[in-house]
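Every read-out reported here was derived from the displayed coordinates using simple, explicitly stated rules and does not represent laboratory data. Because the structure is predicted, anything quoted here is derived from the model rather than measured. Methodologically, a virtual Cβ is constructed for each residue, glycine included, from the backbone with ideal geometry; neighbour enumeration extends over all protein chains shown.
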Amino acid sequence: MPVSSKNPILPFGDQRTAPWYGQDIISIKQFSRQDLEYIFAVAHEMRVMVERVGTFDLLKGKILANLFYEPSTRTSSSFAAAMERLGGSVISINEVRYSSVAKGESLPDTVRTLECYADVIVIRHPEVGSAAIAAASAQKPVINAGDGVGEHPTQALLDAFTIHEELGSLEGLTVTMLGDLKFGRTVHSLARLMSLYGARLHYVAPEILRMPAEIIRELKGKGVAQAEHVRPDGVIGETDVLYVTRVQRERFENEEVYNSVKGAYVVDAELMRRAKERMIVMHPLPRVNEISNEVDSDPRAAYFRQMEYGLYVRMALLAMVLGKA
Ligand code: NCD
């Protein structure tokens, strides 16, 4: 359930039937299993509707402001597509150097400006905590689309929906996260989410890119089984979900250090031969070299389907925070 409360007055119905109306989405910690089941059900309906009619008018007249201070292909375009498929429209600010940010405007002021024109704000920003700051400055709902090395909650939700659709359940899975677990914000959110489902988590990373100790501690406190490894070989055979991440070049201060770890892992046909037949390979994308192209034709490669699931989840989230689901 949501932690903060904004816009408590509903246009119709009541709080019990639309609990996310007017709420921010900042961290995956806001979500319970019950919330996730609800999101999966709404996302599934969105999928059926898109397949049946393509676009429909659930959010007609509503406007989304897409505020991106960091590069994005999938997140920004899937939020834009989600809004348009629901009949709404989008203000896109992805070149902040052409906006008043370049004149020195603060984040709270930029957000206060955009909420005069839009009904919901999606923000990606390089600093941890920036989405929470934006949310505190706005009356309208704010959705975190990645705050530096912090969290990326909507990615974790679409990752979970992918697992749900591909494997039928999230219960008791063995999830192996591979790559840059230090700077990769998607794994920070996903590890927390999977902890709700009794997952066993394997973290495979180079020494300098290990999962942050505070996340391991947090999940240990919840009784989650976790183990760290330097190679995937010992765990690939028991893995249900192999979640691969890119080494986050932009977070390194030193290019030489980046070069020393950039090619640490490559998922290839040989590794896939040692994996379960029902395993899925996921990646938030973009990939650089960490999954070999030869894996793309393997039916277990779910990373392209994962992008499409993202559209349905973002449609569900927009409908929820705007009081229409
Ligand atoms: C991810 C991100 O921005 O954190 N991309 C995405 O949203 N699909 C992963 C990444 O950039 O490596």
For the chain, build the charge dipole from Cβ charges (+1 Lys, Arg; -1 Asp, Glu) around the Cα centre, then report which of 313, 186, 102 sits farthest towards its positive end. 313
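What number, rounded to the nearest 500 deg cm²/dmol, is the helix-based mean residue ellipticity at 222 nm of the chain, given -39500 (n - 2.57) per DSSP H run of at least four residues and division by all its residues? Don't skip to the end; give the middle numbers.
Working: 10 runs with 116 residues, N = 325.
After summing the helix terms and dividing by the residues of the chain, the value is -11000 deg cm²/dmol.
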Report, please, the projected area of the chain averaged over directions, based on the convex hull of its C-alpha atoms, in nm². 16.4 nm²
Residue-count net charge about residue 139 - beta-carbon cut-off 12 Å; Lys, Arg +1, Asp, Glu -1: 0
